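> Here it is, the structure, as structure tokens.
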Amino acid sequence: MNAGKIISFEGKRSGEQGVVLRPGYHGTINACRQLLVKFLPQRMDALFERLDDVLYTQADKAGIDHNQTAYFESMRVLRREREQIQSTFNKGVLGRFDRFWTHGPAAVSRHTLEGSYNSDELGLVESDELEEGLAITGMVSKGNNTYYRDLYALDERFSYLLHGVSMGKEGNPLAPAALCGAFEQAITTLEVTLAVKLVIYKQFEKELIGHLGAFYDQANATLAKAGILPGIKPTMRRNAPYQTSSTASSGYSPAADSATYAPGENPEMQAEVFATLQQLLLQRRPESLAAPTGNVHYVESVNLLSALSVLQHQGNIAEAANAPVMDARSMRAALLKMPQIGQAASGRMAIGRVDEDTIDVISMLFEFILDDPGLSDPMRALLARLQIPMLKVAILDKSFFSRKDHPARRLLNVMAQAAIGWTEESGRSGDGLYARIESAVNRILAKFDDDLALFDELYEQFAAFLEREQRGAHVAEERATQVTQGKEALVEAKRHVADEIGRCLSNYGDVPDVVQNLVRDGWNDVLLLIYLRKGRESDEWSDAVNLMERLVWSVMPKPSHSERQELLRSIPELLKGLRAGLSGISYNQHKMNRAFKGLQARHLACLRGGRALDETLTQQADEEEHIDEVGEVMEEIVLESADAHSAPIVSEPDAFDAQATKLALGTWLELNEEDGAVIRAKLSWRSNISGSCLFVNRRGMKVAEVTRQGLGAWLRSGKAVLLPEISVPLMDRALNSLVETLNSPGSKKPGGGKEP
């Protein structure tokens with residue numbers, strides 16, 4: 001672990017910008033490093049000892065099932081990997097500390113929470129990784145809030161040592177962000193379930209982040225003793241004890257209700273997402289919304305729920321489908337005016353911190369819903385009416401934020417997922433999707449009080465409707481795909497047959513018209529049918545091509561006696577094969593007889609040593625063929641391209657062409673037509689041959705068929721706009737966006753304000 005290492009302040013790599021340390025303080029910095037070398041192993045030992053107990057307890061609670069097995073297996077994995085994890089973590093932390101003194105804060109930030117949970121990249125992570133990202137973000141936020149005075153002193157002293165270099169947001173190598181980043185990297189390849197990983201992060205938070213106070217005291221004391229800004233002293237009392245979850249409470253506790261939906265889960269883990277959101281809100285909340293002072297009476301949660309029920313009922317009566325989502329400030333103001341809140345005998349009424357945070361989070365989530373491009377305007381407005389019911393759900397049960405299978409969250413997700421393909425042209429009346437969602441929303445507004453079972457009931461009903469609808473859509477989509485595939489296969493087959501015929505005829509030069517006509521008009525369809533039914537690799541295809549070759553050869557001059565003898569022997573079999581093949585495609589009998597007469601004359605000429613014919617016979621045969629050529633002509637089918645043919649093809653593929661090529665099946669597009677109509681279409685099928693794409697609507701009916709180049713032109717011009725990936729549920733996308741917003745500088749503050 002290089003525990004006794006003395007920091008080298010030399011040897012910066014080429015191209016990296018270094019920093020200059022004030023002379024005379026090398027010993028002081030190494031003294032701080034020794035504190036770190038002593039602190040890390042102690043806390044990591046405590047972490048692993050505690051983890052063993054916690055995982056055993058979780059396994060005992062899980063009972064005899066696969067969850068218990070997972071916990072026991074995780075215990076074995078952790079015991080096996082413990083040394084490697086500790087070594088990687090210790091080296092990571094000490095490496096950050098050492099790089100800081102040679103390359104400054106940028107070297108720490110660059111290696112902190114890599115990959116990671118910053119504002120620019122958080123929106124790109126998969127939904128299954130959201131919990132892990134929130135766990136890390138929560139640890140960092142709570143650590144920063146708890147130790148902000150110590151961190152301020154360390155930042156100032158480290159800055160002084162580097163001649164005033166600014167620490168930045170994550171530049172301190174001893175800050176929670178650096179420690180959490182090193183730990184995240186140390187367990188990134190650990191093969192355990194997400195639930196176990198969250199338990200590990202929880203214990204890391206308790207055993208290491210929760211014990212940083214004493215370490216920071218020692219580090220600051222060491223620096224102050226060395227004369228580095230000894231005047232920095234706390235202006236307030238010592239930091240409050242570190243807490244791993246919010247202890248503020250006002251009314252209902254989520255832990256009691258959570259067991260109804262997730263038996264065996266740790267209530268602390270269920271509330272962890274909300275606790276993390278609270279920490280992020282605390283950092284962003286304007287000073288005007290700080291905890292009120294003076295004689296304040298806090299609203300009981302039961303009274304708050306009663307007031308929300310009145311607002312919910314009023315919204316249902318007014319049918320405020322087009323009403324905007326209420327921001328948190330407006331919601332609080334409206335609630336405090338409600339008689340159900342009650343009046344204080346003295347002082348004023350205020351909403352408790354936990355309920356106020358819940359209002360903030362739900363308001364921001366529904367603002368995301370109103371901005372979600374995956375929903376059309378009518379659907380956004382319809383789902384936005386669920387803001388108050390979902391707020392009540394979140395007040396009743398904080399696991400709403402962490403449990404993907406929460407009844408209310410599940411219903412909201414499935415309705416939003418179904419709505420992605422709906423547009424106004426689909427209609428609102430009857431038993432369609434809009435009417436179903438509207439009915440569910442109205443029932444929630446009218447009936448929901450505090451019984452979460454209503455959401456289970458509505459989910460089952462809506463899921464049954466959706467399953468019936470999707471079965472019909474699947475059948476229609478399969479038919480559309482089969483038709484398109486058939487057309488594609490026919491075009492490809494015609495191309496191959498034409499190539500084969502062209503090759504055969506070109507090999508013999510001047511082929512008589514009677515044979516050319518027979519091959520192009522009759523044998524062409526024989527080859528086409530075999531190609532479609534049996535394929536180019538079949539024996540039937542080879543036999544048909546060989547027969548065509550023998551046919552053309554048979555009418556060419558035969559100067560040698562041996563060739564004429566060979567022709568004489570092959571004619572019966574040749575004519576038999578031709579007749580069988582043409583009969584198989586129901587070739588016109590009159591045209592077949594005339595063609596065979598022409599062949600007979602030419603064969604006779606070849607058997608005489610040439611192929612010259614009486615001019616009158618030739619002219620007569622050609623005239624008869626011209627007169628009777630009124631048969632069936634197969635319709636030429638050309639792939640429709642829906643404006644793609646008119647779109648210019650760029651000489652060099654660009655990013656839009658690449659996007660069109662890589663577009664995954666199941667992706668939804670919004671198509672803006674020239675007449676102003678908006679159509680939503682899903683990529684159902686792409687040809688492996690031509691790259692042509694088939695798009696269908698939510699009922700499985702064909703909407704458009706376009707070439708790959710045409711699709712690129714649509715994306716380039718804005719006619720086609722990609723919609724969000726529906727595999728990521730609406731609530732997951734909303735939570736992701738919320739964390740990104742709260743992490744972003746200059747983002748909208750909770751309570752309706754904006755950063756100055």
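FYI, it's all coordinate maths here, none of it is from the lab. Keep in mind that what you see is a predicted model, and the values were worked out from it rather than measured. So basically every Cβ, Gly included, is an ideal-geometry build from the backbone, and we count neighbours across all protein chains shown.
> Around MET349, which amide H atoms from residues at least 5 apart in sequence, or from another chain, sit under 5 Å from its own amide H, with H modelled in the peptide plane?
Counting only residues 5 or more places away or on other chains, the set is HIS297, ALA344.
> Please state, as a whole number in µm²/s, the translational diffusion coefficient that the Stokes-Einstein equation yields for segment 479-628 at 37 °C and 0.692 mPa s, with Rh defined as the Kirkwood radius across alpha carbon pairs.
Details: Rh = 16.4 Å.
Estimated via Stokes-Einstein, D reaches 200 µm²/s.
> Something else now. Can you give the net charge of the other residues whose Cβ lies under 14 Å from the Cβ of PRO653, counting K and R as +1 and D and E as -1? Please list the in-between numbers first.
Details: positive: LYS662, ARG708, ARG716; negative: GLU652, ASP654, ASP657.
Neighbour charge sum, excluding PRO653 itself: 0.
> Once you treat every alpha carbon in segment 26-234 as an equal point and sum by Debye, what is log10 I(q)/I(0) at q = 0.15, 0.16 Å⁻¹?
-0.95, -1.06
> Also: Could you tell me the convex hull volume per residue, in Å³, taken over the Cα atoms of segment 409-499? Don't skip to the answer; put the middle values down first.
Details: hull volume 10.6 nm³, N = 91.
Spelled out: Cα convex hull of segment 409-499, divided by residues, is 117 Å³.
> Please list 3J(HN,Hα) in residue order for segment 696-702, calculated via the Karplus relation 6.51 cos²θ - 1.76 cosθ + 1.60 where θ = phi - 60°; whole Hz, with x for glycine and proline.
So the J values, rounded to whole Hz, are 10, 8, 5, 8, x, 7, 5.
> As a quick test, which of the pairs LYS38/LYS61; LYS202/LYS225; LYS142/LYS404; LYS91/LYS404; LYS337/LYS404 have an alpha carbon distance above 31 angstrom in this structure? Write down the numbers at each step before the final one.
Numbers: LYS38/LYS61 36 Å; LYS202/LYS225 35 Å; LYS142/LYS404 24 Å; LYS91/LYS404 36 Å; LYS337/LYS404 34 Å.
The pairs that break the limit, which is 31 Å between Cα atoms, are LYS38/LYS61; LYS202/LYS225; LYS91/LYS404; LYS337/LYS404.
> Go through segment 92-106 residue by residue and turn each phi into a ³J(HN,Hα) via Karplus (6.51, -1.76, 1.60, θ = phi - 60°); whole Hz please, and just put x for glycine and proline.
x, 5, 5, x, 4, 4, 5, 5, 4, 7, 10, 10, x, x, 4
> OK, next. Subtracting the Cα-Cα distance from 0.36 nm times the residue separation, let me have the gained length for GLU156 to LEU607 in nm, one decimal. Don't skip to the answer; put the middle values down first.
On the way: separation 451, 0.36 × 451 = 162.36 nm, distance 10.90 nm.
So the extension gain works out to 151.5 nm.
> Could I ask something else about it? Between ASN672 and ASP405, what FRET efficiency comes out of the Förster formula 1/(1 + (r/R0)^6) with R0 = 51 Å and r the beta carbon distance, rounded to 0.05? Let's see the in-between values first.
Numbers: r = 37 Å, r/R0 = 0.72.
Here the calculated transfer efficiency is 0.90.
> Let me ask you something else. Subtract the Cα-Cα distance of ARG579 and ALA435 from 0.36 nm times their separation in residues, and report this length gain in nm to one decimal. Numbers along the way, then the final one.
Details: separation 144, 0.36 × 144 = 51.84 nm, distance 6.20 nm.
Net length gain for the segment: 45.6 nm.
> Let me ask something else about it. Hey, can you grab everything whose amide H is under 5 Å from the amide H of GLY609? Only 5+ residues off in sequence or another chain; H modelled, so Pro and N-termini drop out.
Hits under the 5 Å cutoff: LYS558.
> So for the pair GLN42, GLN417, with labels modelled 7 Å out along Cα→Cβ, what separation do we get in nm?
5.0 nm
> If each residue of separation counts as 0.36 nm, what is the full-extension length gain between LEU665 and ARG443 once their alpha-carbon separation is subtracted?
Working: separation 222, 0.36 × 222 = 79.92 nm, distance 3.54 nm.
Computed gain between LEU665 and ARG443 is 76.4 nm.
> So, one more: VAL310 to GLN461: FRET efficiency via 1/(1 + (r/R0)^6), r the Cβ-Cβ distance, R0 25 Å, to the nearest 0.05? Mind dumping the intermediate values first?
On the way: r = 27 Å, r/R0 = 1.07.
According to the calculation, E is roughly 0.40.
> Now a separate question. Can you list the residues of segment 537-565 with backbone N under 20 Å from a point 7 Å past the Cα of GLN600, pointing along Cα to Cβ?
The answer is 551-552, 554-556.
> Taking a ≥ b ≥ c as the square roots of the Cα gyration tensor eigenvalues, with a/c under 1.5 meaning rounded and otherwise prolate when a/b beats b/c, else oblate, which class fits segment 655-723?
Values: a/c = 1.71, a/b = 1.14, b/c = 1.50.
Because a/c hits 1.5 or more and a/b fails to exceed b/c, segment 655-723 counts as oblate.
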